[in-house]
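Presented below is the structure to which this report refers.
The values are calculated or read from the model by the stated rules, or taken from the named source; none is laboratory data. None of the values given here were measured: they were computed from a predicted structure. Reconstructed Cβ throughout: ideal geometry from the backbone, glycine too, with neighbour counts over all protein chains shown.
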Amino acid sequence: MTDEKTADAQETVDETGFAKRLRSLIGEGSARAFAHKAGMGDSTFRNILNGGMPRLDNLLRISNAAGVSVEWLATGKEPAKSDSKFEEEFALIPGYNIQVAAGHGSIAGDESPTRELAFRRKWLRFRGLNEKDLALVFAKGDSMEPTISDNETVMVDTSERKLRDGHIYVIRNGDHLLVKRIQTLWNDGVQLLSDNKEYPPQEISSSDLESLEVIGKVVWVGKDL
C-alpha cells in the first residue's frame, strides 16, 4: 500500500547541504524548467529549493530527473550499491488536483500531476491493476457517504470503462465529473446511485448514454481514521 517510511526519510535529509546540491543540479538552467522535467509544480519545487523539507516522492522525482541517486541527493553520500530497491518495490501513482462529483477538466487531459503516492507493486499485481492506467483524484461532497467522504483521495482505473452493476465509476456529464455507483436497467439505460440515501437516483436513458463519458472505475479509496 502507501509508503509508510516517508517521515523517516525526511528526517535523514541533510538540510544544510540539500539545497546546495539541488542548486548544483540546476546549474545555469531555469528552476521552472527543472521542475517541469521532474513533473513537479513550480511553487512546490521553489519551496524545496528555498529550504523546505522534501517528501520522499519528490526526492525520487528530482533524482530521476537529474540522474543522481536519492541517497546522494538527500545526504551527500554516494550509495554503496544501486539505488533501485525503492523503484522495484513501489510504483508512484500520479495525483491530480481535480475534484470528482462536480468540476471541470479531466483526469489525464491537459492537467499535470500535482503529487504522487507510492503503492507496492505486489499489491497492484494482486488487484490486477496496471500502474499506467491509474490516477488519483479528490472526491467532493457527501453523496457517496459512507463509502467515499468529502475530500478523500480515490484511485481510478482508466482502463475500466464498461459499466457494470454495483461498481463505482467516475463519469463526465457535460462539464461535471461525477462519482456514482452504477445500476443497469431493463431498457438499456442506467441509474446513477448515491450511497448516501438522501440523494435520489439519477436515471439516464439509453438514448442519453452517448452524452456520458466513462473516465474509469474507482478501485481504491484513501481513508482517514
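Would the range 127-137 turn up any residue that is part of a loop (DSSP other than H, G, I, E, B) and touching a residue at least 60 places away in the same chain (Cβ under 8 Å)? It would help to see each step written out before you state the result.
Here is the first cut: in the range 127-137, the ones part of a loop (DSSP other than H, G, I, E, B) are 127-130.
If we keep only those that are touching a residue at least 60 places away in the same chain (Cβ under 8 Å) too, we end up with 127, 129.
The answer is yes, given that some residue of the range 127-137 is part of a loop (DSSP other than H, G, I, E, B) and touching a residue at least 60 places away in the same chain (Cβ under 8 Å).
Got a sec? Which strands (runs of 3 or more DSSP E) wholly within the range 156-219 have at least 2 residues that are modelled with pLDDT of 90 or more and basic (Lys, Arg)? I'd like the intermediate steps shown before the answer.
Details: elements: 168-173, 176-184, 190-193, 202-204.
It comes to 176-184.
Determine if the range 168-184 includes at least one residue that is surrounded by 12 or more Cβ atoms within 10 Å (Cβ to Cβ), within 30 Å of Glu116 (Cβ to Cβ), among the polar types (S, T, N, Q) and in the same structural domain as Ala118 (by TED's automatic domain parsing). If you could, list the steps in order and put the result at the bottom.
So in the range 168-184, the residues surrounded by 12 or more Cβ atoms within 10 Å (Cβ to Cβ) come out as 168-173, 176-184.
With within 30 Å of Glu116 (Cβ to Cβ) added as a condition, the list becomes 168-173, 176-182.
Remaining after also requiring among the polar types (S, T, N, Q): 173.
Add one more test, that the residue is in the same structural domain as Ala118 (by TED's automatic domain parsing), and what stays is 173.
Checked the range 168-184: at least one residue is surrounded by 12 or more Cβ atoms within 10 Å (Cβ to Cβ), within 30 Å of Glu116 (Cβ to Cβ), among the polar types (S, T, N, Q) and in the same structural domain as Ala118 (by TED's automatic domain parsing).
Looking at Ala102, Ala108, Ala74, can you tell me which residue is modelled with pLDDT under 75, in contact with a Leu (Cβ under 9 Å, 6 or more places away or on another chain) and either surrounded by 11 or more Cβ atoms within 10 Å (Cβ to Cβ) or small (Gly, Ala, Ser) (or both)? I'd like the intermediate steps shown before the answer.
Details: Ala108 fails: in contact with a Leu (Cβ under 9 Å, 6 or more places away or on another chain); Ala74 fails: modelled with pLDDT under 75.
On inspection, the qualifying residue turns out to be Ala102.
Taking the range 151-167 as the search range and keeping residues that are surrounded by 15 or more Cβ atoms within 10 Å (Cβ to Cβ) and over 15 Å from Leu129 (Cβ atoms), which one is farthest from the chain's Cα centre (by Cα)?
Per the criteria, the residue is Leu163.
Can you name every residue in the range 185-225 that is surrounded by 16 or more Cβ atoms within 10 Å (Cβ to Cβ) and touching a helix residue (DSSP H, G or I) at 6+ places or on another chain (Cβ under 8 Å)?
Those that are surrounded by 16 or more Cβ atoms within 10 Å (Cβ to Cβ) and touching a helix residue (DSSP H, G or I) at 6+ places or on another chain (Cβ under 8 Å): Val190, Gly216.
Checking Glu131 against (1) among the charged types (D, E, K, R); (2) more than 23 Å from Lys223 (Cα to Cα); (3) modelled with pLDDT of 90 or more, which single condition isn't satisfied?
(2)
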